[in-house]
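The values are calculated or read from the model by the stated rules, or taken from the named source; none is laboratory data. Here the structure is a predicted model, which means the values were calculated and not measured. A quick note on method: Cβ atoms are made from the backbone with ideal geometry, for glycine too, and the neighbour counts reach across all protein chains shown. The accessibility values were calculated without ligands, DNA or RNA, using every heavy atom of the protein model including side chains. Shrake-Rupley method; radii C 1.70, N 1.55, O 1.52, S 1.80 Å.
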Amino acid sequence: MTAKGKRKTWLLIGLGGAIVGFSAMLALEKLSVETSTNDYCMSCHVHTQADADWKKSIHYNNESGVVTDCAACHLPPKEDGLLRYYMTKARTGAKDLWSYWTKDTDEIDWQARREVEYATGIVFNATCEKCHLNLYPEGVTDDGITAHLYYEENARKLDLQCISCHLDAGHEIPGYQHKTLEGKVETVGTIYDSLAIVEEFSPFTETVPGTNAAIRMVAIPGGSFTIGSSPKEPYHRPDEGPQRTVRISPFFMGETEVTWQQYWAFYNETMSEGRTPPEVIYANNSRPDVDAVSGPTPPFGFPDQGWGMGDRPAITMTHYAAETFCQWLSLKTGRKYRLPTEAEWEYAARAGTESPYFFEGDPRKYSLKRTWNRWFGADTSMIGRYVVCAGNSRNQTEEPSSVAANPFGLKNMLGNVMEYCADRYVEDAYALLEDGMTDPRGPEDGTEFVVRGGSYSDDASRVRCASRGHTLHDAWLRTDPQNPKSIWWYSDIKGIGFRVVCEVPEGVTVNEYF
């Protein structure tokens, strides 16, 4: 073949390749378009309520008539890179197909997929910003302006996402509110006009005068116990040792975590812009009028996350707010209420037991950290009787009636929500204790506070009696746009609450202990 013939052949091959490539691109684009329609998404998307919730959302039901479809929110913009777009599309499609072919829709935790922790993984900020070019349209509220200014200044640095504040933009979420709470919160029940009478060391129900709040208090006998866990305990962590034997004096403890019914009673009586530290109120045993207590400012939206109030544990308040609740309760009742020390908390949680939980069971049997349990399921029949955790919670809090009490009669000591302790957190706190000491308290210095018990989202390995945690104050306020940030409410943690301790009043006789 002549040189001219070879050039002609290569030209034809190149032209043919270009035609094939261009045709492939057209076919790929057509395939992409055809597989990005709402009807196509719903053909294998097993969440049957997703379409109905979408049609009730602002992205479908709005005054402009503009409709935003599935792909617009759940895929990144093509302008940010075709490879990323198609890789995300392929991964998302494969995941949906796998669920469609292999999973029982009745067993999928749909509630968990409504939470912001899940939503941030399937919605893209760049997509939001592509449509919402103007963050300060006519009619935006002052709160909205403040929040959007904070977003523009910190989005990249703090990895802020639009969905953190606009969770219901794409799908309606019953009970979700994106506005500042206004006025008092309505509560139900009898308004108490007198205090409980406490004449002996036995359980009693504290009735808070002027409110419909009643708190069941359990008498916790004094005794000795070993705080912490052995290095041989499954999932032991270094901050759980060294173990020490300590003595605990008798006290009363709330049967359950403080509920919304109880917390809103406090909020309604004290809500303000005040910032009176609890340590100032308690200085020199001073007892000012209850009106002197400055309580929480209004939260942004309803902090129950739409899960329900009533007897569910109150959540998202700061450690400062929990201490102020105790201050208010003390002034209302004339008894000394406070947060438990870490030693008191673990003593009450163990209730005389020495095993990882206050019931029988090996944490390895329940934990989803084990590959076998993740793939084939864990036997949670025992732990599920006593603990609300990742294996049975549906990623939300539950009422205390959903679990059985520990041997002392306390409910939800493990799981449901993490509980504040009075102690500041240091990793080697137990190394500072002496065997045999009575009523130990944590160190005076430290920037974070101890939290105990684990929450509804924690694995079984993190709801052991000895498991320790601590606040993450700055991280838990990451998306709070206020300046200064709230001292009352956290914006980025849901599974946090507290229960109260009441010191034994004077004149109440306690039998010999230890």
Filtering the stretch 175-233 down to residues that are without any contact (Cβ under 8 Å) to a residue 12 or more places away in the chain and over 25 Å from GLN327 (Cα atoms) yields PRO231, LYS232
Exactly one of THR48, THR35, THR68 is open to solvent by less than 60 Å² (accessible area, probe 1.4 Å) and either modelled with pLDDT under 80 or in contact with a Gly (Cβ under 7 Å, 6 or more places away or on another chain) (or both), and that residue is THR35
Checked the stretch 95-141 for anything assigned to a helix (DSSP H, G or I), open to solvent by 60 Å² or more (accessible area, probe 1.4 Å) and closer than 30 Å to ASN392 by Cα; matches are LYS95, LEU97, TRP98, TYR100, TRP101, THR102, ASP106, GLU107, ARG113, ARG114, GLU117, TYR118
Only one of GLY144, GLY170 is closer than 24 Å to GLY301 by Cβ, touching a Cys at 6+ places or on another chain (Cβ under 9 Å) and either surrounded by 12 or more Cβ atoms within 10 Å (Cβ to Cβ) or among the aromatic types (Phe, Trp, Tyr) (or both), namely GLY170
Whether any residue in the stretch 322-340 is open to solvent by less than 40 Å² (accessible area, probe 1.4 Å), at pLDDT 90 or above, in a strand (DSSP E or B) and among the basic types (Lys, Arg) is what I want to check.
yes
Any chance ARG424 is under 28 Å from PRO203 (Cβ atoms), at pLDDT 95 or above and among the basic types (Lys, Arg) = no
Per the filter on the stretch 362-374, residues out of contact with any helix residue (DSSP H, G or I) (no Cβ under 6 Å at 6 or more places or on another chain) and open to solvent by less than 30 Å² (accessible area, probe 1.4 Å) are ASN373
Counting only residues in the stretch 473-494 that are in contact (Cβ under 8 Å) with a residue 12 or more places away in the chain and out of contact with any Phe, Trp or Tyr (no Cβ under 9 Å at 6 or more places or on another chain), the one least open to solvent (accessible area, probe 1.4 Å) is identified as ALA475
Considering residues that are touching a Lys or Arg at 6+ places or on another chain (Cβ under 9 Å) and either of a type in the set (Phe, Trp, Tyr) or modelled with pLDDT of 90 or more (or both), the number found within the stretch 283-302 is 1
| query | Going by the conditions given, is GLY352 at pLDDT 95 or above, part of a loop (DSSP other than H, G, I, E, B), of a type outside the set (Lys, Arg) and open to solvent by 40 Å² or more (accessible area, probe 1.4 Å)? | reply | yes
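One line per residue, one yes/no per condition, for (1) touching an Asp or Glu at 6+ places or on another chain (Cβ under 6 Å); (2) crowded, with 18+ Cβ neighbours inside 10 Å; (3) hydrophobic (A, V, I, L, M, F, W, C):
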{"site": "HIS178", "(1), (2), (3)": "no, no, no"}
{"site": "LYS184", "(1), (2), (3)": "no, no, no"}
{"site": "THR205", "(1), (2), (3)": "no, no, no"}
{"site": "VAL208", "(1), (2), (3)": "no, yes, yes"}
{"site": "MET217", "(1), (2), (3)": "yes, yes, yes"}
{"site": "PRO221", "(1), (2), (3)": "no, no, no"}
{"site": "ILE227", "(1), (2), (3)": "yes, yes, yes"}
{"site": "SER230", "(1), (2), (3)": "no, no, no"}
{"site": "GLU233", "(1), (2), (3)": "no, yes, no"}
Per the list (1) within 28 Å of GLU506 (Cβ to Cβ); (2) part of a strand (DSSP E or B); (3) open to solvent by 30 Å² or more (accessible area, probe 1.4 Å), residue check on ILE197 breaks on (2)
